[in-house]
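All of the numbers you see were taken from the coordinates with simple rules; none came from a lab. Because the structure is a prediction, the values reported are computed rather than measured. All Cβ positions, even for glycine, are placed from backbone atoms using ideal geometry, and neighbour counts span all protein chains on display.
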Amino acid sequence: MTDQAADAAIDQACRGLRLPSIRSQVSQIADAAEREQLTYRGFLAELLMVECDDRDRRRSERRIKGAGFPHEEI
């Protein structure tokens, strides 16, 4: 499989699985993994950690917004 075909397959799979963080950062993480000579497991761990961290951040933002706390205009 060519790199271009692999990128297209990854993009399509991330869309279908609803993994927006992985989809947007896979190239940067893959390049960093190659430079750092990560194993496949290390690379996968990095991808999954990015997705989990982003989901945690978005969940927190949604909960704060949904709580309706008053906020000061800055």
If the chain between His71 and Cys52 were fully extended at 0.36 nm per residue, the gain over the current Cα-Cα distance would be 4.1 nm
In whole percent, the Cα-Cα distances of the chain spread across 10 Å bins from 0 upward as 17, 39, 22, 14, 7, 0
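Fewest Cβ neighbours within 10 Å first, please rank Phe43, Phe69 accordingly.
Phe69, Phe43
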Given 58-67, 2-11, 44-53, the highest-first ranking by average Cβ count within 10 Å works out to 44-53, 2-11, 58-67
Simple SL model, points at 7 angstrom along Cα→Cβ for Gln12 and Tyr40; separation in nm is 2.1 nm
Rg from C-alpha atoms of segment 14-57, normalised by the globular rule of thumb 2.2 N^0.38 Å, equals 1.12
